[in-house]
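Beneath this line is the structure, given in structure tokens, with notes to follow.
The values are calculated or read from the model by the stated rules, or taken from the named source; none is laboratory data. Keep in mind that what you see is a predicted model, and the values were worked out from it rather than measured. Glycine also receives a Cβ, built like all others from the backbone with ideal geometry; neighbour counts cover every protein chain displayed.
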Ligand SMILES: *[C@@H]1O[C@H](CO)[C@@H](O)[C@H](O)[C@H]1NC(C)=O
Ligand SMILES: *[C@@H]1O[C@H](CO)[C@@H](O)[C@H](O)[C@H]1NC(C)=O
């Protein structure tokens, strides 16, 4: 009897536990505001992208970023309660500050081609800025831009206007140059970018590359460049 009663108690607690878990994992709120309604860009946003789609995209981007960073528990993740997005007239295509993502309505107005796909990619990049660690403010900013574009690349939203893999003069040129270099590093050791981001939680050093891959970042960059140079020679050799 006592045993049965115990089972009953345990079972009756389960739904409560389930509700608590649900509340913890669904804590992030998403809000999207079109502050450019009535302008060309604001109208294009409404007709080709939309508030609902943007909210869903921010939510999918968030899950994707957690998986790329291999963050499964609340303790692993940055504590963010809400993400807001604003479509408005600003000086850049997009930027993020204080968990608020701003997307330029004029960029939307003049983007040639599939603007929905482009802004989806932009949102993956900007949402990464919200969730990534930045070495407590000491990280190389171009590296954080490269990580944001690495996430965009892995989500299959790299746009055609990006440089090609193997391009660039420095590993920390930022954006797509750094993103493709990080992809090369991540191919050497699957999970490298997750580990790098983890190390950036409290500080930053270029030595993180050596600690994770056994080669300095400069050595990795020259290996990477050499690989693309030899691919090029190979292709030329076949053509000539
Ligand atoms: C970031 O990269 C740009 C080139 O893309 C370069 O001019 C700038 O010096 C770099 N910034 C840092 C902090 O390395
Ligand atoms: C990394 O590996 C993937 C899958 O094999 C490949 O498509 C991609 O080109 C590689 N990236 C780099 C920068 O070498």
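What is the residue count in segment 172-192 for residues that are surrounded by 17 or more Cβ atoms within 10 Å (Cβ to Cβ) and either within 12 Å of ligand 2 (Cβ to nearest atom) or over 15 Å from residue 144 (Cβ atoms) (or both)?
From segment 172-192, those surrounded by 17 or more Cβ atoms within 10 Å (Cβ to Cβ) are 172, 174-186, 192; that's our starting set.
Retained after the next criterion (residues that are either within 12 Å of ligand 2 (Cβ to nearest atom) or over 15 Å from residue 144 (Cβ atoms) (or both)): 176-186, 192.
Summing the residues that are surrounded by 17 or more Cβ atoms within 10 Å (Cβ to Cβ) and either within 12 Å of ligand 2 (Cβ to nearest atom) or over 15 Å from residue 144 (Cβ atoms) (or both) in segment 172-192 gives 12.
Quick one: in segment 123-150, which of the residues that are more than 16 Å from ligand 2 (Cβ to nearest atom), under 12 Å from residue 197 (Cα atoms) and under 9 Å from the mean Cα position of the chain (by Cα) is surrounded by the fewest Cβ atoms within 10 Å (Cβ to Cβ)?
For segment 123-150, the residue satisfying everything is 129.
Just need a number here: residues in segment 60-85 that are surrounded by fewer than 17 Cβ atoms within 10 Å (Cβ to Cβ), in contact (Cβ under 8 Å) with a residue 12 or more places away in the chain and under 19 Å from residue 102 (Cα atoms).
Of the residues in segment 60-85, 4 are surrounded by fewer than 17 Cβ atoms within 10 Å (Cβ to Cβ), in contact (Cβ under 8 Å) with a residue 12 or more places away in the chain and under 19 Å from residue 102 (Cα atoms).
Out of all the residues in segment 138-162, which are assigned to a loop (DSSP other than H, G, I, E, B) and on the phi < 0 side of the Ramachandran plot? Before the answer, list the steps.
Within segment 138-162, the subset assigned to a loop (DSSP other than H, G, I, E, B) is 138-140, 155-162.
Selection gives 138, 139, 140, 155, 157, 158, 159, 160, 161, 162.
Identify, from the list 150, 69, the residue that is in contact with a helix residue (DSSP H, G or I) (Cβ under 6 Å, 6 or more places away or on another chain), under 18 Å from residue 191 (Cα atoms) and within 16 Å of ligand 1 (Cβ to nearest atom).
On inspection, the qualifying residue turns out to be 150.
Check whether at least one residue in segment 49-59 is away from ligand 2 (no atom under 16 Å from the Cβ), buried (at least 16 other Cβ atoms within 10 Å of the Cβ), free of Cβ contacts under 8 Å to residues at least 12 places away in the same chain and not assigned by TED's automatic domain parsing to the domain that holds residue 173, and report yes or no.
no
I'm trying to understand the selection: among the residues of segment 168-202, which are more than 16 Å from ligand 1 (Cβ to nearest atom), in contact (Cβ under 8 Å) with a residue 40 or more places away in the chain and not in a helix (DSSP H, G or I)?
Across segment 168-202, the qualifying residues are 191, 201, 202.
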